[in-house]
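What follows draws every value from the coordinates through simple rules; no lab data is involved. Note that this is a predicted model, so its numbers are computed, not measured. So basically every Cβ, Gly included, is an ideal-geometry build from the backbone, and we count neighbours across all protein chains shown.
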Amino acid sequence: MLLAGLLCGGPGNTRGVIINCHGFTGSKEGGGRALEMGEELVRQGWACLVFDFAGNGESEGNFADLTLSGQIDDLTCAVSWALEQGFCRVVTVGRSFGGTTAICQGARDPRVAGVCTWAAPARPWELFYGLTDEPLEGPAETVALASEGGLIYLKKDFFFDLRQYDVPRCASLLAPRPLLVIHGTRDNLVPPEDARLIYEAAREPREVVLLEGADHRFSQHHRMVWDALFDWLSRHFAA
C-alpha cells in the first residue's frame with residue numbers, strides 16, 4: 001500500500017527530519033498550516049516530512065479500515081523511509097490521534113529521537129466510544145461516529161484494536177528520549193486531563209505546555225504551538 005507524502009528540505013546540512021502526523025480524518029497539508037510549519041522548520045535547519053495515513057488524503061487504502069495499529073505501522077514505514085534517505089535524526093510530531101500514534105510508535109521504535117504531541121488523546125478508547133451510539137456487539141460490520149463533517153464509518157476492529165494500547169504506559173517507555181506534550185485548556189474534544197496523564201506517566205526529559213484558552217485545533221494559538229515546538233527542538237537537539 002502506497003502512502004503519499006511531501007518532503008521539505010533534504011538530508012544534507014540539516015539537524016534531522018521532523019515527521020509530522022496529522023489528526024483523525026486529517027491530511028498531510030493540515031489546511032496549509034502543516035506545509036507552512038515545514039517551511040519554517042527548513043529555515044531553522046530541519047527537514048520536514050508530512051504524509052497521509054492509509055485511507056486518508058492521497059494515500060491508498062480505505063478509511064473504514066483505519067486502526068491505531070495500522071497508523072503505527074504507517075509511521076514506522078515513514079521513519080524507515082526517512083532514514084533510508086540519509087537523515088541522521090528523526091523526531092516525530094503528532095496532532096490529536098496522530099499524537100497518540102507518535103507516542104505508541106516511539107515506544108517501540110528506538111530510532112525515533114524524540115516525540116512531541118499536540119492535543120493527543122491519552123484514553124482513545126473512551127474518546128472514540130463516546131462518539132457513537134451504536135453497540136459494538138451488534139451484527140453490523142461498521143460503526144457510525146459523529147464528526148465535524150458529519151457521520152463517518154469505521155469497522156469495529158478500530159475499537160477492539162484501541163483496547164490493547166495503554167498510551168500513558170507507552171509514554172513512559174520513551175525515556176531517555178525527550179517528550180513534549182502540548183494541550184489547550186479549552187479543548188472540548190480531548191480534555192486537558194489527558195495531557196496530565198501522559199506527562200505524569202512519562203519520565204525525564206519530559207515537558208508539558210498548557211496553552212490558556214486554546215481549543216482542540218489551536219485555532220487562535222497555532223503560532224504559540226509552533227514556538228513551543230521550535231524552542232524544545234533547539235534545546236534538545238543541537239545542530
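Tabulated results
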read-out: Cβ charges +1 (Lys, Arg) and -1 (Asp, Glu), total dipole of region 30-87, debye; value: 220 debye
read-out: Three-way shape call for region 172-239 based on the alpha-carbon gyration tensor, with the a/c threshold at 1.5; value: oblate
read-out: Loop GluC sites (Glu not before Pro), region 1-93 (other Cβ atoms within 10 Å of the site Cβ: 11 or fewer; DSSP); value: GLU60
read-out: Net lengthening on full extension, SER80/GLU193 (0.36 nm per residue, minus Cα-Cα); value: 37.4 nm
read-out: Among (i) 126; (ii) 157; (iii) 111, the entry that matches volume of the Cα convex hull per residue in Å³ as calculated here; value: (iii)
read-out: Contour excess over end-to-end distance, with Cα ends at SER69 and VAL42 and 0.36 nm allotted per residue; value: 6.7 nm
read-out: Integer Hz, Karplus 6.51/-1.76/1.60 couplings in order for region 174-190, x for Gly and Pro; value: 6, 4, x, 6, x, 10, 10, 10, 10, 8, x, 6, 10, 6, 8, 9, 10
read-out: Sequence-distant residues sharing a close amide H with PHE24 (under 5 Å, placed H); value: PHE97, GLY98
read-out: SER147-ASP231 pseudo-label distance in nm [points 7 Å out on the Cα-to-Cβ vector]; value: 3.4 nm
read-out: Kirkwood Rh and Cα Rg combined as Rg/Rh, region 97-239; value: 1.01
read-out: All-pairs alpha carbon distance profile, region 1-131, 5 Å steps from 0, percent; value: 2, 11, 22, 25, 21, 12, 4, 2, 0, 0
read-out: Under-5 Å amide H pairs with ARG206, H placed in peptide plane, nonlocal only; value: LEU179
read-out: Selection from LEU131, GLY16, GLY31, by position along the positive dipole direction of the chain (Cβ); value: GLY16
